[in-house]
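Heads up, the thing below is written out as structure tokens.
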């Protein structure tokens, strides 16, 4: 047996001692078949006389096929030792000493020694050895999506998230990057090391703690290998494994969950917005990072700023955040539940967030364009911008889908209700089944997530829309004037008038058009017919 080294002569970095591990406990059970195990840890169980303080190793990293000498300390003649390894093989085992040979592939090996005696007392320690790879110093560490998928999240009971993600743009975010001129440009700015493009195209690049210190936890900046390329599980859920590459048993408790819906602010983006809100590095402009992309004014590539400019960035005032009927369309969590379960959630979310990225886009990917949660043919907007489950006399709430289609208002008998061709064109596919986004996803600026109407979209069918001569400028004024007239008539109604059917019908149509918010743009002809008929069929009683 080789001479036991003097601990005073060993370099500090060669001393490695870890807590006993489940693997070591299993080895112990096989070896002894009895003793003070988990089921015997009671007050009556005597304290172990086993002395096992550390494992000395000649090095904590080795090349492929290399050898390492290991010593269990202290060495006692009345103790026996059993050695096991998660990979590789032992060339020599002689009591407290072992010589181990590394495998022929990169790995983080776990070497375990179990010390025991005739009294069936035992103790165990493990040491990690990096084989032609990086040994992280901080936990939790990054392991890569393949481990998540192969172990659990590629099966039905866990949502098949891995299989769906594999086909997404996120999974392939690194492909072709090294041949991209912008990647080569930035790679020249950082020497040595990967391009800063890796911040958003790989896993764990430059991960920092709350104090701004870089974590040494096996991110792509420290382990630039293929298994960490692309946007994967741990980009959003955080690192999930121990330093051996094993998924932590309690990883579900810190996998972010509802916080994944949060996007922060344009000044402090988080979640999806950490990459989809402009450039994450000072040297990266839109032109440098994504040459050839369409101009995106006025926000550049800052999707969060676009979104914050619209109205989806807030939960509307007056919304009952504890009412499942309200939160199914006014919160991100409730909306996802509405899409997946076909109805309102059973309870309101604890931390309600507005309609953020993950409300409409599936982070794990989907079979639809832009990873939308539903097919564009089903128009994701119309899941909430609709009054399909209500009608007269129930007060209108969000009737955009119905008014657009030329239906849903109170239609007086004997009155014709023409409809504009918008709805028919969408149904026929003339605007590519895009519904709302045909006008509200502004192509003239390369698209915009503020979802305001794009006047340029009108020009495809209305070439006269350029300038102030477009008839629509006058028609919005007509609808506004008709709404004002009907509102004045309703306001002038006497208490007796407000109880009549004529009042309720006119009031319903007023609210139906007003809550649509388009001033007739969705369907001018139908809107005009509803207001004209309401004014003709309701006259307030003159004041005495």
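The condition (being buried (at least 20 other Cβ atoms within 10 Å of the Cβ) and in a helix (DSSP H, G or I)) is satisfied by just one residue among 100, 83, 165: 165.
To keep it simple, each residue is scored yes or no on (1) at pLDDT below 90; (2) farther than 16 Å from residue 62 by Cα; (3) assigned by TED's automatic domain parsing to the domain that holds residue 240.
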| position | (1), (2), (3) |
| --- | --- |
| 79 | yes, yes, no |
| 91 | no, no, no |
| 96 | no, yes, no |
| 99 | no, no, no |
| 106 | yes, no, no |
| 113 | no, yes, no |
| 126 | yes, yes, no |
| 138 | yes, yes, no |
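Residues that are buried (at least 19 other Cβ atoms within 10 Å of the Cβ) and either within 24 Å of residue 537 (Cα to Cα) or modelled with pLDDT of 80 or more (or both): does region 419-438 have at least one? Yes - at least one qualifying residue is present in region 419-438.
For residue 400, the conditions (1) touching a helix residue (DSSP H, G or I) at 6+ places or on another chain (Cβ under 8 Å); (2) loosely packed, with under 15 Cβ neighbours inside 10 Å are fulfilled apart from (2). Taken over region 292-323, the criterion of being modelled with pLDDT under 85 and closer than 16 Å to residue 454 by Cβ is satisfied by 294, 295, 296, 297, 298, 299.
When the criteria are applied in full, residue 130 fails the requirement of being in contact with a strand residue (DSSP E or B) (Cβ under 8 Å, 6 or more places away or on another chain) and farther than 26 Å from residue 226 by Cα.
Just one of the listed residues (491, 496, 471) is over 30 Å from residue 370 (Cα atoms) and either in contact with a helix residue (DSSP H, G or I) (Cβ under 6 Å, 6 or more places away or on another chain) or at pLDDT below 75 (or both), namely 471.
Consider residue 273 carefully, then state whether it is out of contact with any strand residue (DSSP E or B) (no Cβ under 9 Å at 6 or more places or on another chain), under 23 Å from residue 312 (Cβ atoms) and at pLDDT 85 or above.
Details: out of contact with any strand residue (DSSP E or B) (no Cβ under 9 Å at 6 or more places or on another chain): no; under 23 Å from residue 312 (Cβ atoms): yes; at pLDDT 85 or above: yes.
No: the conditions fail for residue 273.
For region 492-531, a tally of residues being more than 48 Å from the chain's Cα centre (by Cα) and either outside the structural domain of residue 458 (by TED's automatic domain parsing) or under 19 Å from residue 393 (Cα atoms) (or both) returns 10. Within region 248-264, if we keep just the residues that are crowded, with 16+ Cβ neighbours inside 10 Å and more than 16 Å from the chain's Cα centre (by Cα), the residue that is modelled with the lowest pLDDT turns out to be 251. Just a yes or no: is a residue in region 374-389 touching a strand residue (DSSP E or B) at 6+ places or on another chain (Cβ under 8 Å) and buried (at least 19 other Cβ atoms within 10 Å of the Cβ)? Yes: one or more hits. Checking each residue in region 361-380 for being in contact with a helix residue (DSSP H, G or I) (Cβ under 7 Å, 6 or more places away or on another chain) and in a helix (DSSP H, G or I) picks out 369, 376, 380.
The values are calculated or read from the model by the stated rules, or taken from the named source; none is laboratory data. The structure presented is a predicted model; accordingly, all values stated were derived computationally and were not measured. Every residue, glycine as well, gets a Cβ built from its backbone with ideal geometry; the counts of neighbours run over all protein chains shown.
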